[in-house]
Protein chains: 2
Amino acid sequence: MASTKGKFCMTKHYGDASVKFTNPPSIISAAAIVGQKEGDGPLAAYFDEISQDILFGKETWEQAESELMRRTVELAVQKSGKTMADVNYIFAGDLLNQTSGSVYGARSSGRPFFGLFGACSAMGEGMSLAAMLVDGGFADYVVANASSHFCGAEKTFRFPLELGTQRAPTASWTVTGDGAVLLAAYGDGPYVTAATTGAIVDMGQKDANNMGAAMAPAAADVIAKHFRDLNLLPTHYDAIVTGDLGTVGSTLLIQLLQDEGFDIKSRHNDCGLLIYDREKQDVHAGGSGCGCSAAVFAAYFYDKLKKGEINKMLFVPTGALHSVVTIQQGETIPGIAHAVAIERSIS
Amino acid sequence: MASTKGKFCMTKHYGDASVKFTNPPSIISAAAIVGQKEGDGPLAAYFDEISQDILFGKETWEQAESELMRRTVELAVQKSGKTMADVNYIFAGDLLNQTSGSVYGARSSGRPFFGLFGACSAMGEGMSLAAMLVDGGFADYVVANASSHFCGAEKTFRFPLELGTQRAPTASWTVTGDGAVLLAAYGDGPYVTAATTGAIVDMGQKDANNMGAAMAPAAADVIAKHFRDLNLLPTHYDAIVTGDLGTVGSTLLIQLLQDEGFDIKSRHNDCGLLIYDREKQDVHAGGSGCGCSAAVFAAYFYDKLKKGEINKMLFVPTGALHSVVTIQQGETIPGIAHAVAIERSIS
């Protein structure tokens with residue numbers, strides 16, 4: 001049994017954690033559905049649907065999130081002109097225990113399903129894997145999806161809504177929203193050109209009311225790796241957009257990267273800072289949740305990329321990987337972030 | 001911006017849900033660590049380690065599972081002769097809320113991490129994706145890992161142990177165990193030659209004490225797809241091994257596949273039926289949990305494959321995708337299963 005050494009090697013892998021795609025998959029469609037609070041924010045015009053009903057016609061928060069997920073994925077597929085039967089794989093993640101939002105949302109699709117857990121980094125994780133499957137020759141059409149629901153998240157991680165518990169200034173507001181993208185082997189872009197996969201980074205943060213501080217080190221880590229692995233500078237990108245670091249985390253990120261020799265300040269933005277009007281909407285540190293980065297990307301940034309108003313973007317969804325139980329046990333909060341490079345055109 | 005149509009297509013995809021690997025990745029090492037109950041079973045001699053301490057030196061069930069996971073992954077890497085720094089990616093999943101076992105277990109590795117949720121199908125999901133990343137040219141070394149812990153699972157899904165609640169005859173016993181494999185672009189096999197990805201299948205089962213019945217339809221669905229997609233008969237394989245269907249689920253599986261025209265009875269086995277001595281160990285329907293299929297594969301089947309006692313195997317970890325909350329809300333239990341084809345030699 002001859003060794004296959006030399007016959008095959010990771011030709012697309014660069015440095016510690018990055019890959020470049022030989023035939024960059026095209027994001028041929030995107031859809032985003034959100035709740036009323038998100039619909040009252042500055043990105044209202046970009047969302048496909050704004051639901052007045054926080055329950056999405058269902059009876060529980062979990063069912064609401066599944067319905068939100070199902071509708072958004074179906075809409076993304078519909079907008080592409082393909083059918084659900086054309087979809088080779090669905091990648092989806094959310095925050096709920098046993099990722100129930102994604103599971104029950106994808107159930108009716110009948111398509112091959114890969115469930116993910118990366119907390120709020122799920123969209124980055126999903127888009128990275130989707131692109132690898134397409135570029136690897138395993139699929140022509142792959143959906144990447146992530147969702148969150150404010151009420152479901154409060155129930156899963158914090159307190160009953162009826163208590164009216166006060167939130168810390170560093171706390172964020174979980175987005176009720178879903179973003180879905182369809183990646184394809186053929187298309188006119190925007191293209192996923194590279195991906196850097198995050199490691200779990202834990203700098204000892206314990207405050208569950210300050211997710212930004214817990215996640216910023218992981219975001220800095222993956223962004224720095226992306227630049228080093230691929231020999232790029234921040235100026236390569238028009239926009240470097242994190243998922244939900246919020247005010248606190250964004251400031252920390254910029255500082256951490258400055259310490260590494262990378263100045264991203266002039267081109268950094270954060271989906272959690274974009275989705276709400278922080279002066280009028282009382283969201284404290286900003287928006288959060290898997291659906292935050294997913295919906296803001298699928299609605300706002302996808303539009304900007306399609307129009308060529310942004311040509312090269314690094315999309316970096318960020319997640320905090322704790323649970324209620326680990327916090328109660330005195331554990332620290334590990335973070336993770338995944339960087340996805342998207343370009344309007346490829347040569 | 002020219003369309004890339006025709007330049008690239010899913011050359012490795014077959015039928016509805018299957019892929020064949022052009023350069024089948026080699027499983028160059030495997031490790032399995034289990035608890036005492038598993039160590040008292042018939043596969044004792046195959047496990048790398050049997051822990052006398054159900055807490056694995058830690059103070060909580062969740063920390064115990066993380067420690068179990070960390071040790072097993074490190075052992076698999078050590079046995080391969082490589083170092084953790086050589087590992088390009090880790091895929092890991094478990095049953096805990098927010099997959100805490102995997103997250104805190106992988107934290108110290110420093111390696112790029114993809115968290116999965118597929119319930120007890122996690123090892124199949126992980127091995128499929130790991131193989132795709134290697135064969136796709138994105139990685140040379142990828143770990144696939146799955147874990148479960150009896151006490152952590154009882155806490156997450158059922159009742160406090162102190163209550164001494166009686167279990168139904170159809171109930172299974174969650175394995176305390178972890179199985180890790182290291183896939184590589186070079187090696188002498190056994191080789192991962194193909195993978196069929198499951199869809200979520202829900203036939204309306206509501207009994208959380210009968211996981212086998214909930215999962216059997218998903219297993220039948222993916223196995224039938226595997227045969228059809230790749231134009232194979234059951235006789236192609238020496239062994240077709242499900243994860244944890246147990247007694248009830250296995251009987252159902254065989255019947256469901258018979259109805260589809262596939263007779264697998266003579267070559268079917270189930271990790272949940274293998275890991276315990278069901279006459280002496282009072283496990284009712286058999287073993288279950290992500291760690292069941294993972295540990296039994298990494299210990300027992302990997303050994304049989306290396307020795308050539310099994311030449312071609314279809315490994316089908318099976319998962320039930322409910323949560324406590326969805327059951328309480330009267331939801332049904334969706335199932336999923338992923339089929340991984342493994343062959344001792346490739347021509």
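The values are calculated or read from the model by the stated rules, or taken from the named source; none is laboratory data. Since this is a predicted model, take the numbers as computed values, not measurements. Neighbour counts run over all protein chains shown; Cβ positions are idealised from the backbone, glycine included.
Worth a mention:
- Of all residues in segment B:204-215, none are more than 17 Å from B:A122 (Cα to Cα) and either touching a strand residue (DSSP E or B) at 6+ places or on another chain (Cβ under 6 Å) or within 10 Å of another protein chain (Cβ to nearest Cβ) (or both).
- Checking A:T156, A:T196, A:T170 one by one, the residue that is surrounded by fewer than 20 Cβ atoms within 10 Å (Cβ to Cβ) and not hydrophobic (A, V, I, L, M, F, W, C) is A:T170 and no other.
- The set of residues from segment A:77-98 being over 26 Å from A:G272 (Cα atoms), at the interface with another protein chain (Cβ under 10 Å from one of its Cβ atoms) and in contact with a helix residue (DSSP H, G or I) (Cβ under 7 Å, 6 or more places away or on another chain) comprises just one member, A:Y89.
- Within segment B:6-27, the set of residues being under 21 Å from B:F227 (Cα atoms) and part of a strand (DSSP E or B) comprises B:H13, B:Y14, B:S18, B:V19, B:K20.
- Residue within segment B:34-43 that is of a type in the set (D, E), in contact with a Gly (Cβ under 9 Å, 6 or more places away or on another chain) and either outside any helix (DSSP H, G or I) or facing chain A (nearest Cβ under 8 Å) (or both) present: no
- Positions within segment B:317-332 being of a type in the set (A, V, I, L, M, F, W, C), within 16 Å of A:G101 (Cβ to Cβ) and crowded, with 16+ Cβ neighbours inside 10 Å, in sequence order: B:L321, B:V325
- Selection from segment A:311-340 of residues that are away from chain B (no Cβ under 11 Å) and among the charged types (D, E, K, R): A:K312
- Checked against (1) among the acidic types (D, E); (2) under 19 Å from B:G39 (Cα atoms); (3) in contact (Cβ under 8 Å) with a residue 40 or more places away in the chain, B:E279 passes all but a single condition, namely (3).
- Qualifying residue in segment A:42-50 (condition: crowded, with 16+ Cβ neighbours inside 10 Å, free of Cβ contacts under 8 Å to residues at least 40 places away in the same chain, over 19 Å from the mean Cα position of the chain (by Cα) and at positive phi): no
- Enumeration of residues in segment A:179-215 that are touching a Phe, Trp or Tyr at 6+ places or on another chain (Cβ under 6 Å) and either among the charged types (D, E, K, R) or part of a loop (DSSP other than H, G, I, E, B) (or both): A:A185, A:I200
- Failed criterion for B:E162 (all others in (1) surrounded by fewer than 19 Cβ atoms within 10 Å (Cβ to Cβ); (2) more than 11 Å from chain A (Cβ to nearest Cβ); (3) assigned to a loop (DSSP other than H, G, I, E, B) hold): (3)
- Considering only residues in segment A:223-243 that are in contact with a helix residue (DSSP H, G or I) (Cβ under 9 Å, 6 or more places away or on another chain) and part of a helix (DSSP H, G or I), the one that is surrounded by the fewest Cβ atoms within 10 Å (Cβ to Cβ) turns out to be A:T235.
- Pick from segment B:268-298, criterion at positive phi and under 19 Å from the mean Cα position of the chain (by Cα), ranking: surrounded by the most Cβ atoms within 10 Å (Cβ to Cβ): B:G289
- A single entry from B:S80, B:S29, B:S51 fulfils the requirement of being under 26 Å from A:T332 (Cβ atoms), of a type outside the set (F, W, Y) and modelled with pLDDT of 95 or more: B:S51.
- For the criterion of being under 29 Å from A:R158 (Cβ atoms) and among the small types (G, A, S), A:S51 passes.
- Among the residues making up segment B:135-154, those that are farther than 15 Å from B:R111 by Cβ and in contact (Cβ under 8 Å) with a residue 24 or more places away in the chain are B:D135, B:A146, B:S147, B:S148, B:H149, B:F150, B:C151, B:G152, B:A153.
- Contacts under 6 angstrom Cβ, first residue in segment A:90-101 being over 14 Å from A:G124 (Cα atoms) and in contact (Cβ under 8 Å) with a residue 12 or more places away in the chain, partner among the acidic types (D, E) and buried (at least 24 other Cβ atoms within 10 Å of the Cβ), 6 or more apart: A:S100/A:E62; A:G101/A:E65; A:G101/A:D94
- Single condition A:E343 does not satisfy, out of (1) over 27 Å from A:V77 (Cβ atoms); (2) within 14 Å of chain B (Cβ to nearest Cβ): (1)
Here is a yes/no grid of residues against (1) assigned to a loop (DSSP other than H, G, I, E, B); (2) acidic (D, E); (3) within 7 Å of chain B (Cβ to nearest Cβ):
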position	(1), (2), (3)
A:S29	no, no, no
A:Q52	yes, no, no
A:R70	no, no, no
A:L75	no, no, no
A:S100	no, no, yes
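- Screening A:T11 against (1) within 30 Å of A:R278 (Cα to Cα); (2) free of Cβ contacts under 8 Å to residues at least 24 places away in the same chain leaves a single unmet condition, (1).
- Scoring A:L133 on the criteria (1) aliphatic (A, V, I, L, M); (2) more than 8 Å from every other protein chain (Cβ to nearest Cβ); (3) within 20 Å of B:D135 (Cβ to Cβ) leaves a single failure, condition (2).
- Subset of segment A:52-70 that is over 17 Å from the mean Cα position of the chain (by Cα) and touching a residue at least 60 places away in the same chain (Cβ under 8 Å) - its residue that is nearest to A:E279 (Cα to Cα): A:I54
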